[in-house]
Structure formats: C-alpha cells, structure tokens
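Novice: Got a structure here, written out as structure tokens. Questions coming.
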Amino acid sequence: MRNALAIAQREIASYFASPIAYVLIGFFALLFGYFYSAILAFFLRQSLQVGQFGFGGPTTINVNQDLIRPLMINATVILLFVLPMVTMRSYSEEKRSGTIELLLTSPLSDLQIIMGKFLGAMALYSIMLAITLVHIGMLFMYGEPEWLPVATGYLGLLLLGGCFVSVGLLISSMTKNQVVSGMATFAVFLMLWVINWMADTAGPVTQAVLNYLSITEHFDDFSRGVLDTKHIVYYLSFIAFGLFLTAKSVDSERWRG
Amino acid sequence: MIEVSHLTKSYGSVTAVDDISFRVEPGEILGFLGPNGAGKTTTMRVLTGYMPATEGRAVVAGFDVFEQPIEAKRRIGYLPETPPLYPEMTVHEYLSFVARIKGVPGGEREQRVNSSMERTRIDDMAGRHCGKLSKGYRQRVGLAQAILHNPEVLILDEPTAGLDPKQIIETRELVKELAGDHTIILSTHILPEVSQTCQRVVIINRGRVVAEDTPDNLTARLRGAETVLLEIDTNGADPAPALSAVDGVTRVTATPGATGLSKTEVETVQGRDLRRDLARAVVTNGWGLLELRSMRMSLEEIFLHLTTEETDEDEGGADLVTATSSAPEAPDA
Ligand SMILES: Nc1ncnc2c1ncn2[C@@H]1O[C@H](COP(=O)(O)OP(=O)(O)OP(=O)(O)O)[C@@H](O)[C@H]1O
Ligand SMILES: [Mg+2]
C-alpha cells in the first residue's frame, strides 16, 4: 500500500506539473457550471409555473428530483469527454519514455503499480467533483434539498468514474501513443454508453441483459438518491475486472517486450 | 552472485538471446561486449526482471528472477539504455521517489539521495527538472538512481554513452570504486572501456556468447602472434609446406580458393616482419603473389573477428577484410 501511495502521489504531481490537470478541472467545472445554470433556469421557470397556475402545470416540484438529478445525469456525459484525458497518459507515457522500465524493475508488484495509477487518476477526478460541490452548496444556501440523495449521487459519480478510469488504464496499458490511447478510450466509453440505447429497441430478454451491462443504467438509481447495494456491487466488480485485465495486459506486454 | 544458464529470449520469431550462460563472481566487474543488436540490452532486461525469458534460468544474489522477482529486484540496481527519468520532476524529487519505490526506509532516504548525488557528481543539478538536463547529466541521474538503494548487484546498460571524455573517466572510476562491495555487469561497444574497467569480458554476437575471458587473455590470445595474410596463385598446389619452411613462421592456414588461388594466413613470431621473406618464398616457388598484408590484431579487431567470423562466407567476411586492411601496418624491421 505504501508503494501504491508513492506511485499515486507521483501521478498526481505529474498531472499538476503540466497544464493538463488545470485544463481538465477547468473544462469540467465549466461544463458542469453550464449545465447547472441551464437546469437551474429551467427549474426556476417550472417552479414559477407551479406557483402561478397551481394545477395544469407540474403538480409538485422538488430540488432533488428536478434539479440535482438531471444535473447528475448530465455530469456523467462530461465524464465521457474528460476521463479519457485523465487516463490516456498513465501507462502510455511511461512506455514511450522508458520510465516503465524503472517501475517494472523496482521491487513492486504489478498490483501496487496499477493501484497507484488508479488512485492517482481517481484523486484528480475527485478534485473535479469537489469543485462542483460549490454549485450544489449554493442550492443548500437558497433552498432546502435533502443532503442524503445528493451524497448518494456523488457516490454514484465516483463509482461510475472509477469504471471509466479502470477501462482507461486498461487501454493505456496497451499502447505507447497517448493520442491513440485517449481516442480508443473515448470510443470504448461511447460504446458502453450506447449499449443503453440499443437496449431500448431490443426484445425483453436482450433488453434486460443489455441494461444490466450498461454502466449508465446502473447510475439511474444513484441519481435519484436511491442507494442499492446491487449497483454498488456491479460498479465495484466492474472496476475490479478492469484493473484485473490491466494487470493481465501489463503482464502480456512484458512477454512481448 | 549472478548465474545465467541457458537463457533464451525470443521476440515473436526473432531470437534475440540464444542459449546464453555465464557467471559473475561477487565483487567482480563483467563487461558485456557486442555489436548493435547482439542482445546485450535484452539479456539485461531479463536479468533485472523487466521481461521474462523464453527459456533458461537467471539467479541474482541468490534469488531466481522469475520465481522470486521482488526479492531479486531489491538487490539489483539497473541503469537502462535510456535513463528512466520523469521530465517534470526535479532531480531531487525524482531520486526521492526512486528511494521510496526501491524500499529505502524513510529515515535513510534523504541521506541516500544525497550520497548518490555526490557520487555521480550531480549535486549541483538537484533542483533542475529532469526534462531539462543534458544527455550526459541524464545518464548520471540514471546512474545515481541505480546505486541509490545500495544494491548488491549493478546492471548498467552502456553507462558511459553520451558522456564527455572527462565524465567517461570519472564514471569508469566510479564503477571501479563500486566494485568490491557490488557485483557489476556493464555493457558497452567501446573496447578500451572493457580493458580499463572490467575483470572479465563476455563477447556476444547475434544472441550467442562467442568468447569469455579476461581482457588481457583475450588480447594475448590473438596478439601473441602476428598474422600475415597472403593471396597466392599456386595453380592448385598447397603453399603450406613452402611457407612453413620460412624462418619465424609458426603456423600456416591455407584455404584453397577458386581457379588455383589460395588464401593463406601465416602466423609469425612476434616482433619480426616476415613479409619480405614470405614474398621471396612465393616467388621462388614460381607462384603469383596477388596480395600480401600484415594483420596486427588490436582488441578492436579481436572483437570484429569474433563477432564476424560466423559469417565469413557472406558480407560479414567482407566487413572483416575492410576493417583489417585499415589496420596499422607493422613497422619495417
Ligand atoms: N521489443 C522488441 N521487439 C522485437 N525485437 C526486439 C525488441 N527489442 C530488441 N529486439 C531485437 O532483439 C535483438 C537484440 O536487441 P538488443 O536491444 O538486446 O541488442 P543490444 O545488444 O542491446 O544492441 P545495442 O548495442 O544496439 O544496444 C535485435 O535484433 C533487436 O532487433
Ligand atoms: Mg542495447
């Protein structure tokens, strides 16, 4: 664990040594802020309607369901663009520059290296999420949302992001070229996303299977503030499987040289 | 301290290292010599546990690198061909990071980092970013990284590549200083480096060991005699008896060539120039003398000789001829 932390710390320092961390954090905050204001404007219009017409318009309106939930779902779209840029260099850059030789000839297990890289990427992602707490905090200042569903939503974002990061690490371990790594990761994320849409048009059995596989489908409950262990188990196993495949990939790259 | 037996490493269909075996005794410096693509880097990568071997065994400091990789790696310091530096870290940050992942205890880290910076003379660069260092300094930071955790075994892939002459000498001195309590393998294509630093040399070519000896022995083995190369038109007769009769000749190897020509290598005792006598012998026998050339084997030539002799028939052989013809002629007696 101490070794994994050493690696994670180096990863974080390296993110912040280049503009990339700032650009990504800024980009994430900007998009989140845009969605926030758009949804907030819509929410305000709606609540105005509820106030004016009483009936006819939406009957009830709730900050959690009608503001925070769509915001969370929109935030997952941002992940699609931002996380490939977080993970694209993790292994690729080490392979290109030869520093992978240092890691693989040091008394470290592959698992320690992978965990270090995972934690490093997750730390950067957590910082991005932390900044969005400012927006949510404002809602608490002016309204009375429930905090538990909000926390559940953030847990969901963290877990969903973890899945993306594990896929990103896997792909990054397969190429020296960070551009290829980033593009391929984005493509795979999109696929994972699209599974959900395919499910909509499929037969009942296929639909159930596809829905289960779709990593966004599992987010739905989190966004509603419902904490279901089924989804947590799903996400954690997805992450574990992604990291396991990364370990296999690192090992097979080793054989190939 | 290091024992390599029947090591083979293939990349797909390319066999980079083919059934190599050698040993390195504790405290010894072994030079690993070979032309480009010989398999030096590949062997070192297998020894350091960077990649597994296709076949064979490697034991370093008592631990099998495939079976107990972590234990073996703890005892190895490795300078790869390209120093593995993180450009965004300063030299000091980088070495502190390396100290952590090499398992240097927290309390000793600072002191180990400083002492290895001193030994490799990079203390004035401590605050510089690794990405902004010159090639020579990168190499030295790489070396500092290798000796950082005071490993029993040092594996250095071309440690003097890219250094200026003064630095080369200092690095060689450092390597010699480190031997004794460290066991060292270093690879190089520079021959004087081997004779100056190493106690033993393994010459490899195309993934195979072609010679293993002390530098002095290797030189002596081929320098004890001087060789004259003759090409004679004998009309098919064997020139050996006639040439052996010349005073001072120790050995004659005649290779019959096409249309009655004979390529003949004549070894002579050292310190005498027998070219006139040999020419006379050829002429008195009524043969045609097409070429006569004195070969003095330097360590360079031994190296070339050993690493090209397998391919004497094809272009490899041609390389040998061009290389030797530029060798200094023996002074006239
Ligand atoms: N990753 C790789 N994939 C495929 N072939 C490789 C790989 N690395 C090396 N080789 C091949 O293996 C052989 C030995 O290469 P190696 O790098 O070990 O040579 P070397 O002795 O270190 O040469 P140099 O003096 O140029 O550093 C070469 O033929 C090379 O082309
Ligand atoms: Mg090499």
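The values are calculated or read from the model by the stated rules, or taken from the named source; none is laboratory data. Given the structure is predicted, the values throughout are model-derived calculations rather than measurements. When we count neighbours, we look across all protein chains shown, and the Cβ atoms used for this are built from the backbone with ideal geometry, even at glycine. Note: accessible area is taken over every heavy atom of the protein model, side chains too, but ligands, DNA and RNA are not part of it. Shrake-Rupley method; radii C 1.70, N 1.55, O 1.52, S 1.80 Å.
Novice: Could you pull out every one of the helices (runs of 4 or more DSSP H) wholly within segment B:189-261 that has 2 or more residues that are over 26 Å from B:T43 (Cβ atoms), at pLDDT 80 or above and assigned by TED's automatic domain parsing to the domain that holds B:L290? Spell out how you get there, then give the answer.
Specialist: Details: elements: B:191-197, B:215-223, B:240-244.
Fully inside segment B:189-261 and qualifying: B:240-244.
Novice: Where in segment A:68-116 are there helices (runs of 4 or more DSSP H), lying wholly inside it, with at least 1 residues that are at the interface with chain B (Cβ under 9 Å from one of its Cβ atoms) and under 21 Å from A:A17 (Cα atoms)?
Specialist: Once the helices (runs of 4 or more DSSP H) in segment A:68-116 are filtered for at least 1 residues that are at the interface with chain B (Cβ under 9 Å from one of its Cβ atoms) and under 21 Å from A:A17 (Cα atoms), what remains is A:92-97, A:100-104.
Novice: Could I ask something else about it? Restricting the search to segment B:80-106, which residues are more than 7 Å from chain A (Cβ to nearest Cβ) and touching an Asp or Glu at 6+ places or on another chain (Cβ under 6 Å)?
Specialist: Scanning segment B:80-106 gives a single hit, B:E81.
Novice: Any idea which residue in segment A:87-110 is surrounded by the most Cβ atoms within 10 Å (Cβ to Cβ), counting only those that are among the β-branched types (V, I, T) and closer than 14 Å to B:G142 by Cβ?
Specialist: Here the answer is A:T105.
Novice: Mind checking which residues of segment B:50-94 are away from ligand 1 (no atom under 16 Å from the Cβ) and assigned to a loop (DSSP other than H, G, I, E, B)? Steps first, answer last, please.
Specialist: Restricting attention to segment B:50-94, the residues satisfying the condition of being away from ligand 1 (no atom under 16 Å from the Cβ) are B:57, B:59-77, B:85-94.
Listed by number, the residues that qualify are B:A61, B:G62, B:V65, B:F66, B:E67, B:Q68, B:R75, B:L85, B:Y86, B:P87, B:E88, B:M89.
Novice: Of all residues being more than 8 Å from every other protein chain (Cβ to nearest Cβ) and in contact (Cβ under 8 Å) with a residue 24 or more places away in the chain in segment B:61-77, which is least open to solvent (accessible area, probe 1.4 Å)? Just the residue, please.
Specialist: My answer is B:G77.
Novice: Let me ask something else about it. Can you name every residue in segment B:78-116 that is within 16 Å of ligand 2 (Cβ to nearest atom) and crowded, with 18+ Cβ neighbours inside 10 Å?
Specialist: B:Y78, B:L79, B:P80, B:P83, B:P84
Novice: Of all residues in segment B:181-196 being within 20 Å of B:G207 (Cβ to Cβ) and hydroxyl-bearing (S, T, Y), which is nearest to ligand 1 (Cβ to nearest atom)?
Specialist: B:S187
Novice: Next question, about the same structure. Please enumerate the residues belonging to segment A:204-255 that are farther than 21 Å from A:T185 by Cβ, within 16 Å of ligand 1 (Cβ to nearest atom) and without any contact (Cβ under 8 Å) to a residue 12 or more places away in the chain.
Specialist: Listed by number, the list holds a single entry, A:W255.
Novice: Another one. Check A:K176 against each of (1) assigned to a helix (DSSP H, G or I); (2) within 14 Å of chain B (Cβ to nearest Cβ); (3) farther than 28 Å from A:L30 by Cα; (4) of a type in the set (D, E, K, R) and name the one condition it does not meet.
Specialist: Here A:K176 meets the rest and fails (1).
Novice: Of all residues in segment B:40-60, how many are away from every other protein chain (no Cβ under 12 Å) and within 16 Å of ligand 2 (Cβ to nearest atom)?
Specialist: The qualifying residues number 2.
Novice: Right, next: Might you let me know whether segment B:11-18 holds any residue that is away from ligand 1 (no atom under 16 Å from the Cβ) and more than 8 Å from chain A (Cβ to nearest Cβ)?
Specialist: Checked segment B:11-18: no residue is away from ligand 1 (no atom under 16 Å from the Cβ) and more than 8 Å from chain A (Cβ to nearest Cβ).
Novice: Further, regarding this structure: Quick one: count up the residues across segment A:5-26 that are more than 10 Å from chain B (Cβ to nearest Cβ), part of a helix (DSSP H, G or I) and not β-branched (V, I, T).
Specialist: Applying the first criterion (more than 10 Å from chain B (Cβ to nearest Cβ)) to segment A:5-26 yields A:8, A:11-12, A:19-26.
The next check asks that each one be part of a helix (DSSP H, G or I); those that pass are A:8, A:11-12, A:20-26.
Next, only the ones that are not β-branched (V, I, T) stay: A:8, A:11, A:21-22, A:24, A:26.
So the answer is 6.
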